[in-house]
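S.K.: This is the structure, below, for whatever I ask next.
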Amino acid sequence: MSPAREREVAPPKGAARPPGGREVLTGDDIQRALKRIAHEILEGNKGPDDLVLLGIPTRGVPLAHRLAAAVAGVEGAEVPTGSLDITMYRDDLRSQPTRAPEPMKVPAGGVDGKVVVLVDDVLYSGRTVRAALDSLADLGRPASVRLAVLVDRGHRELPIRADYVGKNLPTSRTERVMVRLHEADGAEGVWIA
C-alpha cells in the first residue's frame, strides 16, 4: 500500500469511532502535551503547594485528573482536583434554556487562598471560561486563577487567554475542533473538520 493511500482500520469492538476530519493530535501527543503543561504549572507555582485543579465539564474534568496524575508523577504530591458546574453562568441560556446542570465537585480544602488552575479542552470565544470564573467566584476567593487548555483555536470574543496551552491551532470560524478522550468518548485524539 502506498503511503499516499491510508487504509481505514476499524476500531476495536466496543470502542468509539473517531470523528471525521484531519487528526491534529494523537493520544500520545495529548499525553506529551499534558506532561509539558504539568511541568509548566509546577514551574510557575514553584511546586505543588496550594494548587487546585478544576476541570470544566465535560472533557476538562478528565484532563484535570490527568494533569493531577502528571504532577504526582513529577513531584510525588497529590493535587486536589474537582469539577466546576458552569451551567447557570452561561450567557446563552436565553437562546438555549434547557441545559442539565453538570456535576460539581469541589476539593475538601476549598479554593480560598489557593492557586486554582481551570482546565478545559478547547479555548475558543472565551465565554465558557468567563462562565467558569463567575462560578468559581461563588465558591470562594482563590489567591490566583490560571487557565490550562489542551487546544487554543483562537477567535476570542472576550479578553481571555490561556496560561498553559497544549497546542495552538489556528482555525477558521467555519472549522470544527473535536477533542475525544477515552474517559468520555472511548477514542483519543484531536481532529479538525
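S.K.: Could you please find all residues in segment 130-146 being open to solvent by 10 Å² or more (accessible area, probe 1.4 Å) and either outside any loop (DSSP other than H, G, I, E, B) or hydrophobic (A, V, I, L, M, F, W, C) (or both)?
M.R.: Let us first name the residues in segment 130-146 that are open to solvent by 10 Å² or more (accessible area, probe 1.4 Å), namely 130, 133-134, 137-146.
Scanning segment 130-146 gives 130, 133, 134, 137, 138, 139, 143, 144, 145, 146.
S.K.: Taking the conditions exactly as written (in contact with an Asp or Glu (Cβ under 8 Å, 6 or more places away or on another chain) and either open to solvent by 20 Å² or more (accessible area, probe 1.4 Å) or within 25 Å of residue 137 (Cβ to Cβ) (or both)), does residue 67 satisfy them or not? Working first, answer last.
M.R.: Details: in contact with an Asp or Glu (Cβ under 8 Å, 6 or more places away or on another chain): no; either open to solvent by 20 Å² or more (accessible area, probe 1.4 Å) or within 25 Å of residue 137 (Cβ to Cβ) (or both): yes.
No, not satisfied.
S.K.: Go through segment 108-123 and give me each residue that's within 17 Å of residue 133 (Cα to Cα) and part of a loop (DSSP other than H, G, I, E, B). Quick ask: steps written out before the conclusion?
M.R.: Kept after step one, since they are within 17 Å of residue 133 (Cα to Cα), are these residues of segment 108-123: 110-123.
The answer is 110, 111, 112, 113, 114.
S.K.: Can you run down the residue pairs with Cβ atoms below 8 Å, 6 or more apart or on separate chains, where the first is in segment 180-193 and touching a residue at least 12 places away in the same chain (Cβ under 8 Å) and under 21 Å from residue 170 (Cα atoms) and the partner is among the hydroxyl-bearing types (Ser, Thr, Tyr) and surrounded by fewer than 20 Cβ atoms within 10 Å (Cβ to Cβ)?
M.R.: 188/26; 189/26; 192/171
S.K.: Of the residues that sit in segment 151-193 and are among the hydroxyl-bearing types (Ser, Thr, Tyr) and touching a strand residue (DSSP E or B) at 6+ places or on another chain (Cβ under 7 Å), which one is farthest from residue 33 (Cα to Cα)? It would help to see each step written out before you state the result.
M.R.: The first filter runs over segment 151-193 and keeps only residues among the hydroxyl-bearing types (Ser, Thr, Tyr), leaving 164, 171-172, 174.
Keeping just the survivors that are touching a strand residue (DSSP E or B) at 6+ places or on another chain (Cβ under 7 Å) gives 164, 171.
Working: 164: 10, 171: 19 Å.
This residue is 171.
The values are calculated or read from the model by the stated rules, or taken from the named source; none is laboratory data. Everything numeric in this text was worked out from a predicted model, so none of it was measured. Cβ sites come from the backbone with ideal geometry, for glycine too, and all protein chains shown count toward neighbours. For the accessible areas, the whole protein counts, side chains as well, though only heavy atoms, and no ligand, DNA or RNA atoms are used. Shrake-Rupley method; radii C 1.70, N 1.55, O 1.52, S 1.80 Å.
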